[in-house]
Amino acid sequence: MSAAPELRIMNDSGELAHEAAELFGWLGQQAIASEGSFRVALPGGSTPQALYRTLAGAEFAGMLDWGQVRFFFGDERCVPPDHRDSNFAMVHECLLNPLKIQAERVFRMRGEDSQPERAAREYEDQLRQEFGTPPPAWPCFDLILLGLGEDGHTASLFPETQALGERTRLVVANEAPRGVTPRLTLTVPTINHAKAICFLVTGNSKADMVQTVLEGRDQDTKSVPAKLIKPENGRLIWFMDPAAASELTIAKQGIVSHEE
Ligand code: 6PG
């Protein structure tokens, strides 16, 4: 039975980045203390950039033994790693390079591969090797960070796409809406086996979709992929600013006191 999501509505995006960095650090310290490493899958897009820069900043740079952190990706665009649309390129600029993370602790999806399906299978093999989880076992990330698209997508699990129904593979290539670069993405079960899943969502443009995902009837999840994200045993946490949370009942009724 999946635990109810923990909703954390911050006063603004800056406070959201700081609170998410605090959680990242706490989960990292716990994982390193108990497992000797912290394995996290990162999203692309614009929202997480503030978190990445906060983690790389003076306040948090000394928070973790970064040498024990293993960086993975939740999805990647099918472009070279130095392309302006590459999730790796953005994370490298905002987080990995400032923290001088050694390349051997960064596991990027090979978006440059002319055969995305081959890149997906290679990444799947890499995950199974790094986590020591041959089939039918599932790798359990310590933390998977996710964003939310206005269309309800998360990672590169877009509405009405083939990847949504995948229940065996860890990683697949997936088509994207017209005009969007084809993608590589972790599958729903891979995400749902994480010990902690954390959405980062800001802005008015996401408010309707946040309400649909968190309070909407259980309609066809193929049209709202983020509704498929229900951890098997882990925690599900939503960090939002007031704008993104503005259509939630709890926000409208003023029940939620923004976290100090
Ligand atoms: C990507 C992300 C994607 C993103 C959402 C939200 O590769 O772009 O993985 O799922 O999280 O599209 O993006 P924003 O944070 O830019 O709104």
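Each reported figure results from applying straightforward, stated rules to the coordinates on display, with no laboratory input. Values in this document were obtained by computation on a predicted structure and should not be read as measured data. FYI the Cβ positions are ideal-geometry reconstructions off the backbone, even for glycines, and counts take in every protein chain you see.
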Protection-proxy order for peptides 247-253, 117-123, 153-159, each taking the mean of Cβ atoms within 10 Å per residue, highest first
153-159, 117-123, 247-253
Going by how many other Cβ atoms sit within 10 Å of their own, how do LYS206, LYS195 line up, fewest first?
LYS195, LYS206
Got the relative contact order for the chain handy, in percent, Cα pairs under 8 Å and 6 or more residues apart?
25 percent
Taking a straight Cα-to-Cα line shorter than 30 Å from LYS222, and setting aside same-chain lysines fewer than 8 residues away, one finds LYS195, LYS206, LYS230, LYS252
Return the sequence-ordered ³J(HN,Hα) values of region 32-39 in whole Hz as given by the Karplus equation 6.51 cos²θ - 1.76 cosθ + 1.60 applied to θ = phi - 60°, using x for Gly and Pro.
5, 5, 9, 10, x, 7, 10, 10
Compare the peptides 178-186, 28-36 by average per-residue count of other Cβ atoms within 10 angstrom and give them in order, highest first.
178-186, 28-36
Place the peptides 52-60, 38-46 in order of packing, highest mean first, counting for every residue the other Cβ atoms within 10 Å and averaging per peptide.
38-46, 52-60
Residue farthest toward the positive end of the dipole of the chain, with Cβ of Lys/Arg at +1 and Asp/Glu at -1: which of ALA50, ASN174, VAL91?
ASN174
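Tell me, TRP26, TRP238 in order of fewest to most beta-carbon neighbours within 10 Å?
Details: TRP26 12, TRP238 22.
The order, fewest Cβ neighbours first, is TRP26, TRP238.
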Kindly write out, for region 77-84 in residue order, the coupling ³J(HN,Hα) from the Karplus curve 6.51 cos²θ - 1.76 cosθ + 1.60 (θ = phi - 60°), rounded to whole Hz, with x marking Gly and Pro.
7, 7, 9, x, x, 9, 6, 5
Can you list residues from other chains, or at least 5 along the same chain, whose modelled amide H is less than 5 Å from the amide H of PHE38?
VAL69, ARG70
Amide H contacts under 5 Å for ALA196, restricted to residues at least 5 apart in sequence or on another chain and with H modeled in the peptide plane, are LEU143, ILE144, ARG235
Students often get this wrong: which residues of region 117-158 have the backbone nitrogen under 15 Å from the point 7 angstrom along Cα-to-C-beta of ALA3?
141-144
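Using the crude model of +1 on Lys and Arg Cβ and -1 on Asp and Glu Cβ, and no other charge, please compute the dipole size for region 68-216 relative to its Cα centre, in debye to 20.
Rounded to the nearest 20 debye, it is 340 debye.
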May I ask you to evaluate 6.51 cos²θ - 1.76 cosθ + 1.60, the Karplus curve with θ = phi - 60°, for each residue of region 118-128 and list the ³J(HN,Hα) values in order in whole Hz, giving x for glycine and proline?
5, 4, 5, 5, 4, 5, 4, 4, 5, 4, 4
Give the long-range amide H neighbours of ALA155: residues separated by 5 or more places, or on another chain, with amide H under 5 Å away, using H modelled in the peptide plane at 1.01 Å from N.
GLY147
In nm, what is the difference between 0.36 nm times the number of residues separating ASP125 and GLU232 and their Cα-Cα distance?
36.3 nm
How long is the gain from GLU35 to ASP218 if the chain were fully straight, where each residue apart is worth 0.36 nm and the alpha carbon distance is subtracted?
62.2 nm
I need to check one value: relative contact order of region 40-172, counting alpha carbon pairs closer than 8 Å and at least 6 residues apart, in percent.
28 percent
Going from the fewest other Cβ atoms within 10 Å to the most, one would list CYS198, CYS140, CYS94 as CYS140, CYS94, CYS198
What does the extension gain come out to for ASP82 and GLU104, with contour length at 0.36 nm per residue minus their alpha carbon separation?
6.2 nm
